[in-house]
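These notes concern the structure reproduced below.
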Amino acid sequence: MAFHPLPRHTYRITTLIIVCLGAWIAWGSFNQPEAFWAPGHLSHYHNQIKHCTDCHTPFRGTLAVNCINCHDAEQFAGATTTVAEFHYIYLAQGKSCSGCHTEHHGGASWITTAILNSF
Amino acid sequence: MSPLNRRFLLITITILATIISAWVVEFLLSLSAHWPFAHSQPGHILGWLGLAIILLTFVYPWKKRHAPSGNWPRQWFMIHMLCGVLGPLLILVHSGWHLHAGVAVLALLAMGGVAITGIIGKTIHRVALQTLISQRRELTEQGLSQEQIEQTLDDLASQESLFRMWQVIHVPLAIIFMVLTILHIIGALFFAGL
């Protein structure tokens, strides 16, 4: 069976559609990144965060160093001794915060895995 | 109800049942994990597996363009159809009904469009082939062999205007789907890490 190529204008129109889509996605990535890229809304704990890179390091995920920018020793000083000590030891071991904490599951969601698993 | 309408209804019900089943599977998998299956490591792996199977569907169009002596790669067409259904099915389980990220949703819609137009195209080709029955009679009277007649009719069916119109929808949609999928993968790796 012989191969019958598509009309040339088909590829031109397809390219135009892809360029328009790309432009729209590029605009959205700067103006409404959560709507275009996030798997869900941020919880009410973090809904004041406006920039994705406050928590996400490009191609490296959510590193503890990003969390510590806000959740520093000063903030933990207000917590119970057990909570502060647990987090201090946990971070000293070089572990990731995302081992117990998650996000982007909606405004009313819990963000601590231990709490989620207890249900 | 005519045979064609009955066939159309059966295919539509099968497609809907398949989509719902995939989402039920994802829902059950998400229950045990307390968050969407797609956000778990097995969910990500299923996405990669679905992509690998979908990429196999592109072998047939490539072979069709480069086949020696215009031989139709029938076996690769069978693989194209099988992977064109199985791959999207796995992606449906990977995504579930968690439609939030715009780029991922667009890629999913494009994928659905490609799969469904693929099923429609098979039907259109079959209908086009059936309308060539009188052509078959002519070719038989010309003394051609059975294989030559089948190949000529397949060729004529592919050139039939409705089938050509369908190709103009299915092929560009597949290209747009791949571009959106690449963007989705880059985005997922950008935010979640390599």
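Each residue of region B:126-133 was assigned a 3J(HN,Hα) from its phi angle through the Karplus expression (A = 6.51, B = -1.76, C = 1.60, θ = phi - 60°), giving 5, 5, 4, 5, 5, 6, 9, 4 Hz with x at Gly and Pro.
Other protein chain C-beta atoms within 10 Å of residue C-beta, averaged over A:54-60: 4.
Each residue of region A:106-113 was assigned a 3J(HN,Hα) from its phi angle through the Karplus curve 6.51 cos²θ - 1.76 cosθ + 1.60 (θ = phi - 60°); the sequence is x, x, 9, 7, 6, 10, 10, 4 Hz, with glycine and proline shown as x.
Per residue, what volume in Å³ does the Cα convex hull of the protein assembly as shown take up? Each step should come with its number before you reach the end.
Values: hull volume 51.1 nm³, N = 313.
Taking the convex hull of the Cα positions in the protein assembly as shown, it is 163 Å³ per residue.
Placing dummy labels 7 Å off each Cα toward the beta-carbon, the span from B:His66 to A:Ile49 is 4.5 nm. Relative to the dominant Cα principal axis of chain B, helix B:161-192 is inclined by about 20°. Partners of A:Lys50 within straight-line reach, counting aspartates and glutamates whose Cα lies under 15 Å from its Cα and excluding those fewer than 8 residues away in the same chain: A:Glu34, A:Glu103. Quick one: angle between helix A:8-31 and the longest Cα principal axis of chain A, in degrees between 0 and 90, rounded to 10, please. Helix A:8-31 sits at roughly 20 degrees to that axis. Taking every residue in B:75-83 and counting other chain Cβ atoms within 10 Å of its Cβ, the average works out to 0. In a solvent-free Debye calculation with one equal scatterer on each Cα, what is log10 I(q)/I(0) for chain A at q = 0.11, 0.12, 0.18, 0.19 Å⁻¹, listed in the order of the q values? Reported log10 I(q)/I(0), two decimals: -0.55, -0.61, -1.06, -1.15. Each Lys and Arg adds +1 at its Cβ and each Asp and Glu adds -1 at its Cβ; summed about the Cα centre, region A:34-116 shows a dipole of about 180 debye. Mind pulling the angle between the C-alpha long axis of helix B:3-33 and the longest principal axis of chain B? Nearest 10 degrees, somewhere in 0 to 90. Approximately 20 degrees, to the nearest ten.
Placing +1 on each Lys and Arg Cβ and -1 on each Asp and Glu Cβ, with no other charges, gives the protein assembly as shown a dipole about its Cα centre of roughly 900 debye. Taking 7 Å steps out from each Cα toward its Cβ at B:His44 and B:Thr14 produces label points 3.6 nm apart. Under 5 Å between amide hydrogens, built in the peptide plane, is the criterion, and for A:His101 it picks out A:Thr113 among residues at least 5 positions away or on other chains. Mean residue ellipticity at 222 nm, helices only, chain B: -28500 deg cm²/dmol; runs of at least 4 DSSP H residues each add -39,500 (n - 2.57), and the sum is divided by the number of residues.
Listed by Cβ neighbour count within 10 Å, with the fewest neighbours leading, A:Trp37, B:Trp62 appear as B:Trp62, A:Trp37.
Its alpha carbons give chain B an Rg and a Dmax of 20.0, 69 Å. Ranked by how many other Cβ atoms sit within 10 Å of their own Cβ, fewest first, the residues B:Leu173, B:Leu86 fall in the order B:Leu86, B:Leu173. Here the dipole of chain B is about 60 debye; that uses its Cα centre as origin and unit charges on the Cβ of Lys and Arg (positive) and Asp and Glu (negative).
In the protein assembly as shown, a dipole from Cβ-located charges (positive for Lys and Arg, negative for Asp and Glu) runs towards its positive end, and of B:Ser134, B:Ile79, A:Cys67 it is B:Ser134 whose Cα lies farthest in that direction. Rounded to the nearest 0.05, the FRET efficiency derived from the C-beta distance between B:Leu55 and A:Thr81 at R0 = 41 Å is 0.15. Straight-line cross-link reach from B:Lys64 at under 19 Å between alpha-carbon atoms covers these aspartates and glutamates, not counting any fewer than eight positions away in the same chain: B:Glu147, B:Glu150, B:Asp154, B:Asp155, B:Glu160. Cβ crowding within 10 Å ranks B:Asp154, A:Asp72 as A:Asp72, B:Asp154, fewest other Cβ atoms first.
Bear in mind these aren't lab numbers, they're just calculated from the coordinates by the rules spelled out. Not measured: the values here are computed from a predicted model. We place every Cβ from the backbone using ideal geometry, glycine too, and count neighbours over all the protein chains shown.
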